[in-house]
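Q: Questions regarding the structure given below will be posed in turn.
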Amino acid sequence: MTTQRSAGFGGNPTKGGETDSRFVAPGAAHAPVPEGKGPVTVTFVLVPRFTMLAFTSALEPFRVANQLAGRVLFRWHVCSLDGQPVSSSNGIPVLPDGKLPAEAEPGCVLICGGVTPDVTMRPALGSWIRAQWRRGRTVGGLCTGAYALARGGILEGRRFTLHWENIPGFRETFPDLEPVRQVFCLDDRIITCAGGVAGADLALNLIATHFGTTLSRAVMEMCLLSSSRREGEVQFTSLASRLATRNMTVVRAAEHIEAEIENGFDLEGCARHAGVTRRQIQRLFRQHLGMTPQQYAADLRLQRGRILLAETDMSILDIAIACGYSSRSAFSKAFRAKFGAAPQVHLNFSARG
């Protein structure tokens with residue numbers, strides 16, 4: 001199955017309204033938009049195994065904005081490195097409008113990332129996005145698109161984000177860069193989004209910036225979104241919610257364990273950070289989480305190891321060390337006990353064993 005170009009999907013810039021039907025779908029609902037502002041062009045760059053949800057979540061609010069206004073407020077182009085169809089992470093290929101142009105249309109350029117970004121974000125893409133940024137374009141990434149920006153060398157000193165699952169691997173690949181766990185980030189002409197439905201939050205923000213909050217809210221309601229998240233909101237619920245406990249001693253201890261994941265587990269230090277004794281923290285973890293602090297720490301380390309195996313080209317030994325293990329064999333033994341298979345089974349296909 002190939003997603004074909006159709007009305008409202010890709011194409012060349014509108015000129016004098018001659019191709020407005022490709023960007024403006026008919027609809028009964030209407031929202032007033034002040035005249036005078038020209039269309040905003042958004043160039044989407046698809047990389048292999050991009051996340052369809054992030055792509056469509058970012059694109060559809062622009063289409064709805066045009067529909068509500070009854071005219072072209074946004075136009076979009078869809079590109080790939082070579083102009084060939086690109087398979088998304090769900091296996092559905094998308095036919096782009098063409099290959100990367102030497103110079104993108106003035107406006108915004110968004111790299112649509114997905115799984116295995118360490119492999120799919122090629123150096124050539126980093127060089128291209130850096131060139132667009134230097135030419136005055138606003139550039140950004142959806143999901144793991146920040147990998148391309150990092151390869152382009154334009155993230156130093158910037159606030160940026162990517163999907164939380166990919167942050168551990170990103171930190172290992174780019175140790176001098178520190179992403180934040182927000183739904184999206186705006187830093188001058190660099191914009192990034194965590195992916196998923198957060199693409200809609202970013203798009204709604206851009207709609208409000210260019211054409212006002214009235215239109216942005218109308219688009220939100222048309223998309224059946226109950227709210228529009230702000231830039232500073234975190235990607236997922238609080239640690240207390242994830243642990244399903246309101247015991248703040250347990251939460252403080254869990255926060256400490258997560259922060260010290262590379263250094264191994266120290267029960268004494270964990271208890272001290274939480275302000276209780278070793279015996280108390282053991283009892284509280286069993287009572288509220290059904291496991292010991294040691295088991296909680298071990299699960300975190302192994303989950304992180306599984307992510308690094310899938311998302312980076314790090315060796316198993318390097319991953320073992322990054323997860324707080326003293327040797328490859330110790331990590332492999334614990335990994336097999338947890339997941340029922342050796343770490344090699346989960347290796348990124350480009351990884352070194």
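Q: Select, from Arg283, Arg328, Arg279, Arg306, the only residue that is under 29 Å from the mean Cα position of the chain (by Cα) and of a type in the set (D, E, K, R).
A: Being under 29 Å from the mean Cα position of the chain (by Cα) and of a type in the set (D, E, K, R) holds for just one of Arg283, Arg328, Arg279, Arg306, which is Arg306.
Q: Hey, another quick one. Is it the case that some residue within the range 343-352 is buried (at least 18 other Cβ atoms within 10 Å of the Cβ) and in contact (Cβ under 8 Å) with a residue 60 or more places away in the chain?
A: Yes, the range 343-352 contains a residue that is buried (at least 18 other Cβ atoms within 10 Å of the Cβ) and in contact (Cβ under 8 Å) with a residue 60 or more places away in the chain.
Q: Looking at the range 176-192, I want the residues that are under 15 Å from Leu149 (Cα atoms) and have a partner that is aromatic (Phe, Trp, Tyr) and part of a strand (DSSP E or B) with Cβ atoms under 8 Å, at least 6 apart or on another chain. Which pairs are those?
A: Ile191/Phe184; Thr192/Phe184
Q: Scan the range 257-304 for residues that are among the basic types (Lys, Arg) and surrounded by fewer than 18 Cβ atoms within 10 Å (Cβ to Cβ) and jot them down.
A: Arg272, Arg278, Arg279, Arg283, Arg286
Q: Moving on to the next point. Looking at Gly196 and the list (1) touching a helix residue (DSSP H, G or I) at 6+ places or on another chain (Cβ under 7 Å); (2) modelled with pLDDT of 95 or more, which single condition is not satisfied?
A: Failed condition: (2).
Q: Restricting attention to the range 77-100, and to residues there that are in a strand (DSSP E or B) and more than 21 Å from the chain's Cα centre (by Cα), which single residue is farthest from Ala148 (Cα to Cα)?
A: Restricting to residues being in a strand (DSSP E or B) and more than 21 Å from the chain's Cα centre (by Cα), the top hit is Gly98.
Q: May I ask you to say which residue of Gly169, Gly157, Gly199 is in a loop (DSSP other than H, G, I, E, B) and not aliphatic (A, V, I, L, M)?
A: The match here is Gly157.
Q: Here's something else I'd like to know. Which numbered condition trips up Ser227, out of (1) modelled with pLDDT under 95; (2) surrounded by fewer than 20 Cβ atoms within 10 Å (Cβ to Cβ); (3) in contact with a Gly (Cβ under 6 Å, 6 or more places away or on another chain)?
A: (3)
For every residue, the table says whether it meets (1) among the polar types (S, T, N, Q); (2) out of contact with any Gly (no Cβ under 9 Å at 6 or more places or on another chain); (3) more than 24 Å from Thr249 (Cα to Cα); (4) outside the structural domain of Leu243 (by TED's automatic domain parsing).
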| position | (1), (2), (3), (4) |
| --- | --- |
| Ile281 | no, yes, no, no |
| Gln295 | yes, yes, no, no |
| Ala298 | no, yes, no, no |
| Gly305 | no, yes, yes, no |
| Tyr325 | no, no, yes, no |
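Q: Moving to a separate point now. Hey, could you check the range 294-342 for residues that are assigned to a loop (DSSP other than H, G, I, E, B) and among the hydrophobic types (A, V, I, L, M, F, W, C) and say which is farthest from Phe174 (Cα to Cα)?
A: So, considering only residues that are assigned to a loop (DSSP other than H, G, I, E, B) and among the hydrophobic types (A, V, I, L, M, F, W, C), the one farthest from Phe174 (Cα to Cα) is Ala341.
Q: With (1) in a loop (DSSP other than H, G, I, E, B); (2) touching a strand residue (DSSP E or B) at 6+ places or on another chain (Cβ under 9 Å) as the list, and Thr192 as the residue in question, which single condition is left unmet?
A: Condition not satisfied by Thr192: (1).
Q: Return a yes/no flag: does the range 28-40 have any residue that is in the same structural domain as Asn166 (by TED's automatic domain parsing) and modelled with pLDDT of 95 or more.
A: yes
Q: With respect to Phe160, is the statement that it is in the same structural domain as Leu125 (by TED's automatic domain parsing) and crowded, with 22+ Cβ neighbours inside 10 Å true?
A: yes
Q: Cβ contacts < 9 Å: first residue of a type in the set (Asp, Glu), restricted to the range 37-57; second residue surrounded by fewer than 23 Cβ atoms within 10 Å (Cβ to Cβ), any location; separation 6+ or different chain. Result?
A: none
Q: When only residues in the range 73-119 that are surrounded by 22 or more Cβ atoms within 10 Å (Cβ to Cβ) and of a type in the set (Ser, Thr, Tyr) count, which is farthest from Leu309 (Cα to Cα)?
A: Ser80
Q: Give me the pairs, please: first residue somewhere in the range 317-330 and aromatic (Phe, Trp, Tyr), second residue anywhere and loosely packed, with under 15 Cβ neighbours inside 10 Å, beta-carbon distance under 9 Å, and either six or more positions apart or on two chains.
A: Once the first residue is aromatic (Phe, Trp, Tyr) and sits in the range 317-330, its partners that are loosely packed, with under 15 Cβ neighbours inside 10 Å give Tyr325/Gly264.
The values are calculated or read from the model by the stated rules, or taken from the named source; none is laboratory data. If you're wondering where the values come from, they're calculated on a predicted model, not measured in any experiment. Methodologically, a virtual Cβ is constructed for each residue, glycine included, from the backbone with ideal geometry; neighbour enumeration extends over all protein chains shown.
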